[in-house]
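Let me begin by handing over the structure; questions about it come next.
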Amino acid sequence: MPELFPRSAAYDEAWVNENRMGPNVLWLAESLAERMTLEPGMRVMDLGCGKACSSVFLAREHGVEVWATDLWIKPTENWERIREAGLEGQVHPIYAEAHQLPYAEGFFDAIVSLDAYHYFGTADLYLDDVARFLRPGGEIGIVCPGFRRELGPDGAPAYLASYLREGAHSFHAPAWWRDHWRKSGIVEVTCADEPPEADAIWEEFIPHTVPEEQAVIRDDAAGERLLTFSRVVARKR
């Protein structure tokens, strides 16, 4: 959909699909970048970068220097993708767990996390921990799967029951993330919304996931349309 994501449309579709680990990460990165201030030369942590496609995208499109940080994908594998993209001096693959990040405090101008933050960032103290690595005035921004309203155990449609048991109970509405971050007092939330392209992102994902998840996404689209994405940006005080 070049009309929705013109920057991402310039990337080889086969490359995106070969390296995807969920919904189209270039689309998520392009959506998030619209709400952040990313300028050439900035130091950016891409937290939970997967196969570093988002890191390559941010470096190319915004001229930032990226530390592609992930636990599931080994840095040697990401280094090959980075070299193929010609970004050896601009994107640095790092193998690290989200609670044991090997960085200096105040080092980064920005931290981004795409389709990953809900795995570790719902804990009350996690923002306090990760924000240590941001300079004062630096931004943190995430896009992760969410619901349009909060779902309790008795408030979910039947078609979502197995999905919630498999981990989707970590999905939250933008307002939940806004309040979750505000209570820390260390950031000013500047954006907490649903990307306007959220439905299109889920629809594009259908052919690339397992049949069980395909059914959930289709049932949701035919019903209440609870599935969305939460896009949240904050500035460190």
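A short reminder: the numbers here are calculations on the coordinates, not readings from a lab. All values reported here derive from a predicted model rather than from experimental measurement. Cβ atoms come from the backbone with ideal geometry, glycine included; neighbour counts cover every protein chain shown.
Amide H to amide H under 5 Å from Met42: which residues, 5+ apart in sequence or cross-chain, H placed 1.01 Å off N in plane?
Amide H neighbours of Met42: Glu65.
Also, quick follow-up: Under the rule of at least 5 residues apart or a separate chain, name every residue whose amide H is placed under 5 Å from the amide H of Cys191.
Under 5 Å from the amide H of Cys191 lie the amide H atoms of Val233, each far enough along the sequence or on another chain.
Rounded to whole Hz and in sequence order, give me ³J(HN,Hα) for region 86-97 from the Karplus expression 6.51 cos²θ - 1.76 cosθ + 1.60, θ = phi - 60°, writing x for Gly and Pro.
Going residue by residue, I get x, 10, 4, x, 10, 10, 10, x, 10, 9, 7, 8 Hz, with x marking Gly and Pro.
Still on this structure, I have one more. Of Met42, Thr69, Leu26, which is farthest on the positive side of the dipole of region 21-75, counting Cα position, with +1 on Lys and Arg Cβ, -1 on Asp and Glu Cβ, and the Cα centre as origin?
The listed residue farthest towards the positive side: Thr69.
Treating only the Cβ atoms of Lys and Arg (+1) and Asp and Glu (-1) as charged, compute the dipole magnitude of the chain about its Cα centre; round to the nearest 20 debye.
Values: 23 positive and 39 negative charges, 141 e Å.
Its charge dipole is roughly 680 debye.
Cut-off is 10 Å between beta-carbons; in what order do Val66, Val44 appear when sorted fewest neighbours first?
Details: Val66 29, Val44 25.
Listed from fewest to most nearby Cβ atoms, that is Val44, Val66.
Does the chain classify as rounded, prolate or oblate by the C-alpha gyration tensor (a ≥ b ≥ c root eigenvalues; a/c under 1.5 gives rounded; else a/b over b/c gives prolate, otherwise oblate)? List each step's numbers first, then the result.
Working: a/c = 1.71, a/b = 1.22, b/c = 1.40.
Oblate, because a/c is 1.5 or more while a/b does not exceed b/c.
Now a separate question. May I ask you to derive the relative contact order of the chain, considering only C-alpha pairs under 8 Å and at least 6 residues apart, and to give it as an integer percent? Present the calculation step by step, with values, prior to reporting the outcome.
Working: 426 pairs, mean separation 47.6, N = 237.
Relative contact order of the chain: 20 percent.
In addition: In whole Hz, with x marking every Gly and Pro, tabulate ³J(HN,Hα) for region 122-128 from phi via Karplus 6.51 cos²θ - 1.76 cosθ + 1.60, θ = phi - 60°.
For region 122-128, the Karplus curve yields 7, 5, 4, 9, 5, 4, 4 Hz.
Please give the contour-minus-distance gain from Glu18 to Thr76: 0.36 nm per residue of separation, less the Cα-Cα distance, rounded to one decimal in nm. Mind showing how you got there, number by number?
Details: separation 58, 0.36 × 58 = 20.88 nm, distance 1.72 nm.
Difference between extended and current length: 19.2 nm.
Taking 0.36 nm per residue of separation and subtracting the Cα-Cα distance, what length does fully extending Ser162 through Thr209 add? Show your work: numbers first, answer last.
Working: separation 47, 0.36 × 47 = 16.92 nm, distance 1.56 nm.
Extra length from Ser162 to Thr209 when fully extended: 15.4 nm.
Something else now. Rank-order 210-219, 84-93 by packing density, defined as the average count of other C-beta atoms within 10 Å over each peptide's residues, highest first. Walk me through the numbers before you get to the answer.
Numbers: 210-219: 14.2, 84-93: 16.6.
Packing proxy ranking, top to bottom: 84-93, 210-219.
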